[in-house]
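Every read-out reported here was derived from the displayed coordinates using simple, explicitly stated rules and does not represent laboratory data. Keep in mind the model is a prediction, meaning the values are calculated, not measured. Because the Cβ atoms are built from the backbone with ideal geometry, glycine has one as well, and the counts that use them run over all protein chains shown.
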Amino acid sequence: MADNPHNNSELPPFILTGLPGMQTLQHWMFLLLGTLYVVSIVGNVLILFIIKEEQSLHQPMYYFLSLLSVNDLGVSFSTLPTVLATFCFHLQKISFDSCMAQMFFIHFFSFTESGILLVMSFDRYVAICNPLRYATVLTDVRVACMGICVIIRSVCMVFPLPLLLKRLSFCKANVLSHAYCLHPDLIRLPCGDITINNIFGLFIVISTFGLDSAFILLSYVLILRSVLAIASREERLKTLNTCVSHMSAVLIFYVPMVGVSMVARYGRHAPQYVHTLMSLIYLFVPPMLNPVIYSIKTKEIRRKLCKILLRTKY
């Protein structure tokens, strides 16, 4: 197997794990994750439905929110098959190609979410710092182009990862740390030289998450400077309130990501379930909380959601 890693018939399968050392809690864990899946899927579908039906929401900010909801649905559906198989049916084996495909989609949606949050920060910057030009800067064509660019960038960044892994020999016990396939987990398993994989992995992290977070921070520095120039305290608070939903989405995406990185780097002696729980928070919490935050903080969405719920009730 190790002598001919390029032969598809000899590529090794991988073994998925749930909560190592906590097998008695597997069904309870699936109940929790199942609840998170339902909230995430129903919440994001409702956001998309409301934006489609409500004419007043047909503007750039909500187009980007629609893209974020579609992306969050992608995150949920990319992990659902193996999480369901592992926690509910105890089917832990996954083929090499299936694992590569899942890894591609998980990381693709992760990079895409970072890009969407970046273009949403640009939307907030233009709306607050240059409101008179908002309609001319963020036209429908430009919004569509920005969304397409985010998607193309993510594909270009993630596409080489499965190819770089496929060229390596796998001769260890191919047991993964999670119920899904992640590149940092997979890269521990090959026997060959993984220098190129590590360098490319570092490059894509810096050129996506690193640059995106830096530009998001810069946009909010400029927004804050513009807001502080407003004389009225009430107007300052009202203006900042339009950014609360986006700032919350940024925090619930980047804080778990930093937590996962810190645990992976400095918590090597921590129990394995700590790593598993951190990765679950990173993949499950943002898709669940994003629709909740935008439903609470956006008046138009909240009003339409109340109408739907009242109509359903009566």
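What is the packing order of peptides 133-139, 208-214, taking the mean over residues of other C-beta atoms within 10 Å and listing the highest first?
Order by mean packing, descending: 208-214, 133-139.
If I build a Gaussian network model for the chain, linking alpha-carbon pairs within less than 10 angstrom, which residue out of LEU289, LEU32, LEU84 has the largest mean-square fluctuation?
Evaluated over the chain, the most mobile residue of the options is LEU32.
If we count every other residue with Cβ under 12 angstrom of GLN59's Cβ, Lys/Arg +1 and Asp/Glu -1, where does the sum land?
Values: positive: none; negative: GLU54, ASP123, ASP140, GLU300.
My count for the surroundings of GLN59 gives -4.
Please give the net charge around VAL227, taking every other residue with its beta carbon less than 13 angstrom from that of VAL227, where Lys and Arg add +1 and Asp and Glu add -1. Please list the in-between numbers first.
Details: positive: ARG124, ARG225, ARG233, ARG236, LYS238; negative: GLU234, GLU235.
Counting the neighbours of VAL227, the net charge comes to +3.
Note down the net charge around HIS246, summing +1 for each Lys or Arg and -1 for each Asp or Glu among other residues with Cβ under 10 Å from its Cβ.
Working: positive: ARG124, LYS297; negative: ASP123.
Here the count lands on +1.
Nearest 10 degrees is fine. How inclined is helix 60-87 to the longest principal axis of the chain, computing both from alpha carbons?
30 degrees
In Å, the Kirkwood hydrodynamic radius of the chain over pairs of distinct alpha carbons? Mind showing how you got there, number by number?
Working: mean 1/r = 0.0472 Å⁻¹.
Hydrodynamic radius (Kirkwood, Cα only) of the chain equals 21.2 Å.
Sorted by average packing, counted as other Cβ atoms within 10 angstrom per residue and highest first, what order do 187-196, 152-161 take?
On the way: 187-196: 13.6, 152-161: 16.4.
Highest-to-lowest ranking by the protection proxy: 152-161, 187-196.
Cross-link candidates for LYS172: which lysines have Cα within less than 19 Å, leaving aside residues fewer than 8 places away along the same chain?
Counting by Cα, and skipping residues close in sequence, LYS172 has these lysines nearby: LYS93.
Nothing charged except the Cβ atoms of Lys and Arg (+1) and of Asp and Glu (-1): what's the magnitude of the dipole of the chain about its Cα centre? Round to the nearest 20 debye. Walk me through the numbers before you get to the answer.
Values: 24 positive and 15 negative charges, 182 e Å.
Roughly 880 debye, rounded to the nearest 20.
Let me have the 222 nm mean residue ellipticity of the chain computed from DSSP H runs of 4+ only, each contributing -39500 (n - 2.57), with the sum over all residues rounded to the nearest 500.
Details: 13 runs with 226 residues, N = 314.
It lands at -24000 deg cm²/dmol.
Leaving out same-chain residues fewer than 8 places away, which lysines sit with a Cα under 20 Å from that of LYS297?
Within the straight-line limit of under 20 Å, LYS297 reaches these lysines: LYS52, LYS238, LYS307.
Amide H of VAL175: which non-local residues (sequence gap of 5 or more, or other chain) have their own amide H closer than 5 Å, using H built in the peptide plane?
Hits under the 5 Å cutoff: ILE15.
Hey, can you rank 223-233, 170-180 by average C-beta count inside 10 Å, highest first?
On the way: 223-233: 12.2, 170-180: 18.1.
Sorting 223-233, 170-180 by mean packing, highest first, produces 170-180, 223-233.
In what sequence do MET288, MET120 fall when counting other Cβ within 10 Å, fewest first?
Values: MET288 20, MET120 25.
Going from least to most buried by this count: MET288, MET120.
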